[in-house]
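One structure below.
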Amino acid sequence: MVAIVILLLNMFVKPNICFFNITCNNCNFWFIFAVINAIIILLADKLLDHFSVAGFFTALLFSILLSIFRSILFSLLKEEPSNLY
């Protein structure tokens, strides 16, 4: 259930937050997206009764670890481009 809520929040809320963040081009994008993911996790905490996060820094740590695991998983599952010739 938590994964579904985080997926829905990523689909609908995250693009709106990222749209307002476009003006901050000089900032470190990895940190900004980690903070945005932490906000998404905190929103999931507020929406679900059985899912709890201790605070913002715990959500930030969870967000960074989730990003690392996702990048590892996507790099392992990446398909090689097919040859067209």
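The values are calculated or read from the model by the stated rules, or taken from the named source; none is laboratory data. Since this is a predicted model, take the numbers as computed values, not measurements. Note: ideal-geometry Cβ built from the backbone for every residue, glycine included; neighbour counts use all protein chains shown.
Starting from residues that are hydroxyl-bearing (S, T, Y) and within 12 Å of V35 (Cα to Cα), keep the ones in region 56-73 and report whichever is modelled with the lowest pLDDT.
S67
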All conditions in (1) among the hydrophobic types (A, V, I, L, M, F, W, C); (2) within 14 Å of the chain's Cα centre (by Cα); (3) modelled with pLDDT under 80; (4) exposed (fewer than 10 other Cβ atoms within 10 Å of the Cβ) are true of M11 except (3)
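Taking region 19-29 as the search range and keeping residues that are more than 20 Å from L65 (Cα to Cα) and assigned to a helix (DSSP H, G or I), which one is modelled with the highest pLDDT? Let's see the steps before the verdict.
Filtering region 19-29 down to residues more than 20 Å from L65 (Cα to Cα) leaves 19-27.
Of the ones still in play, those that are also assigned to a helix (DSSP H, G or I) are 19-20.
On the way: F19: 62, F20: 59.
Within region 19-29, the match that is modelled with the highest pLDDT is F19.
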Name the residues in region 30-50 that are surrounded by 14 or more Cβ atoms within 10 Å (Cβ to Cβ) and not in a helix (DSSP H, G or I), would you? L48
Residue satisfying condition, being of a type outside the set (F, W, Y), at pLDDT below 90 and over 10 Å from the mean Cα position of the chain (by Cα), within set I32, I6: I32
